[in-house]
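As C-alpha cells, the structure follows; a few thoughts come after it.
The values are calculated or read from the model by the stated rules, or taken from the named source; none is laboratory data. Model, not experiment: these values are computed from the prediction. The protein model used for the area step is the full one, side chains on, heavy atoms only, and it has no ligands, DNA or RNA in it. Shrake-Rupley method; radii C 1.70, N 1.55, O 1.52, S 1.80 Å.
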Amino acid sequence: QLVESGGGLVQPGGSLRLSCVASGFNFNHYGIGWFRQVPGKEREGVSCVSHFDDSTEYGDSVKGRFTISRDRARNTVYLQMNSLQPEDTGVYFCGASGVQNKCVLYPPVYDYWGQGIQVTVSS
C-alpha cells in the first residue's frame, strides 16, 4: 500500500512537500516514482528514486525545482516542490517499481500505486 499526503492549494511561486508512505511490501527492494495527471492527458513522470543506489531522475519540466528524497527508516519518499507554477497543477501519484538498478519514469513498470493527491497552483 502507498499513501500520499501533503497536497493542497498554493500560490504561484510557492512550495509544497509531498510524502509517500509505503507498507505491506519490502520498500527497500522497490524504486519509487512520482507521477502527475490532469484530465484528458496521460500520466506524466515527475521524478523517481532508485532502490539500488538512491539515484534519481526528473522530468524536464521540473528539473531544478523539485527534489526527491528517500527515508528508508520511515518507508517514506518525499517530493519537495519549489517555485510551483499553474502548469504543475494535477493529481500526484506515487508508485513502486521492482525494476532493478536505475529507476525509470515509465508507468507500465510500476507495480503498486497510491490513490493520488490533488495539487493546485493558483492565485
ask   = Taking strands (runs of 3 or more DSSP E) that fall entirely within region 10-114, which contain at least 2 residues that are open to solvent by less than 50 Å² (accessible area, probe 1.4 Å)?
value = 16-22, 31-37, 44-49, 66-71, 76-81, 90-97
inquiry  = I'd like the full set of residues that are of a type in the set (Val, Ile, Thr) and over 18 Å from residue 108 (Cα atoms), limited to region 39-78.
reply    = 56, 62, 67, 68, 76, 77
